1. Once Rh is set to the Kirkwood radius over Cα pairs, what Stokes-Einstein translational diffusion coefficient, in µm²/s, holds for the range B:130-185 at a temperature of 4 °C and a viscosity of 1.567 mPa s?
2. Share of Cα-Cα pairs in the range A:5-60 beyond 14 Å, in percent?
3. Taking θ as phi - 60°, what are the ³J(HN,Hα) couplings along the range B:247-255 by the Karplus curve (6.51, -1.76, 1.60), each to the nearest whole Hz, with x for Gly and Pro?
4. What are the residues whose amide H is under 5 Å from the amide H of B:ASN317, where those residues sit 5 or more places off or on another chain and H is modelled from the backbone?
5. B:LYS76: which lysines have alpha carbons under 19 Å from its alpha carbon, excluding same-chain residues fewer than 8 sequence positions away?
6. Any aspartates and glutamates with Cα under 19 Å of the B:LYS240 Cα? List them, leaving off those in the same chain fewer than 8 positions away.
7. Could you please report the charge total around B:LEU325, scoring K, R as +1 and D, E as -1 over all other residues with beta-carbon less than 14 angstrom from its beta-carbon?
8. To the nearest whole number, what is the average tally of beta carbon atoms from other chains within 10 Å of the beta carbons of peptide B:213-224?
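None of the figures in this text is laboratory data; all of them are computed from the coordinates on show. Predicted, not measured: the structure shown is a model, and the values here were computed from it. All Cβ positions, glycine included, derive from the backbone under ideal geometry; neighbour counts span all protein chains shown.
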Amino acid sequence: MATIVPISVSVGANRIIPTVSIPYPLGNPKLNPVEEKNLRRQLVEKALKALQTDVTEQTVFTE
Amino acid sequence: MSYRVLHYINQFFAGIGGEEKADISPEIRDGLVGPGQALNPALNGEAEIIKTFICGDNYFANNIDAVCAQVVALVKEAKIDALIAGPAFNAGRYGTACGAVCAAVAKECNIPVITALYPENPGVDLYRKLIPIVESSDSARGMGKAVPAMASVILKFLKKEELCKSDHSCLMEKGIRINMFYDENGAERAVAMLVKKLKGEEFTTEYKMPVFDRVEPRPAVKDMSKATIAIVTSGGIVPKGNPDHIAASSAQNYGEYDFANVKDLLQNEYITAHGGYDQTYANEDPDRVLPVDVLRDIEKEGKIGKLHNKFYTTVGNGTAVANALAFGKEIGQKLRDANVQAVILTST
């Protein structure tokens, strides 16, 4: 889970989840705490889904 | 008078035998054995193989220090001017032996040494910084190319001559940067390089980018509700006070922290040690980098089997690729030993 996807690709990660921003990849200080935790939850669920998906090559999970 | 060369080879290239003879102890013969017959003429009469040191690959692996000491003693006793080991191609134990004897002789006797290995031979990573290694093909079919290259380099070393371009192109990089003086400054050279690139002409970079390896994607997790999931980060999240003193940049270590009883990474209990981004947001709520709060909820709901009780952290800020690789290997092994099925790695 990283914000600069081209770096994740260049170092060889196979399942990549784009995140929010470098200093807060899994959060957003502009949101209220409930909204922010929801956002984090969505991102982590995306990662769990990626881990349950077979891939044959480096894959960026945008959806 | 020609230079006196010692040649190191294994039991296979000495014609003694293969795997079944790999435990034979060292034997010293006068003159040429095996590949020495090709190597000696390539030395142009300017140098000559005086002795051949033969050792079984397994014997060497079990007695590295002792065999290296024997080679060093022989170099001194027989007044040897240079050591040539191999070529070992892609033979792992043989390549490691060639690297080790060359490194020992270079250090103890301060004479020129050379070996030739295939780039993926494990001896390359172990010894490339210490000794010159000619790049060879993966099997003995490459003997014809490796032998003249080794001979050319070792003769230059013996005669204290500069290596030529073709010597440099067949030697593996040691990964050492040397200060150089140029007539044109960096900006001028960069623009000249760009112009060449735009014209589609050949150009030579002054600083190669590291080549990252690739791994086969692992199969999907079949049953997430039974899986143990671990979290690892390069975002520098550590217990307050950074107990393992992970550096803010160019990290030399990683931390392993038990958080079995932690439901949420709270401000003032966890901080970031990372010096490469604005720490304000991560220190305010460390879950923004390492999502412990959310994963605890998911664990409680039974959507994952278990969140592994330790997290691993380092700082990915100017950290050497070699260090990162070493951290990754160790962390991976620990997670595997703990039967972790999948890992979420977060990066800032």
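1. Numbers: Rh = 12.9 Å.
Value of D from the Cα-based Kirkwood radius: 100 µm²/s.
2. Working: 900 of 1540 pairs.
Within the range A:5-60, distances greater than 14 Å cover 58 percent of Cα pairs.
3. For the range B:247-255, the Karplus-derived couplings read 5, 5, 8, 6, 4, 9, 8, 10, x Hz, x marking Gly and Pro.
4. Under 5 Å from the amide H of B:ASN317: B:SER250, B:ALA251.
5. Partners found: B:LYS51, B:LYS107.
6. Answer for B:LYS240, where 19 Å is the Cα cut-off: B:GLU256, B:ASP258, B:ASP264, B:GLU269, B:ASP278, B:GLU284, B:ASP285, B:ASP287, B:ASP293, listed by chain and number.
7. Values: positive: B:ARG214, B:LYS329; negative: B:ASP125, B:ASP213, B:GLU330.
The answer is -1.
8. Values: counts 2, 5, 3, 3, 10, 5, 2, 8, 5, 1, 1, 4.
For this peptide, the per-residue mean of nearby foreign Cβ atoms is 4.
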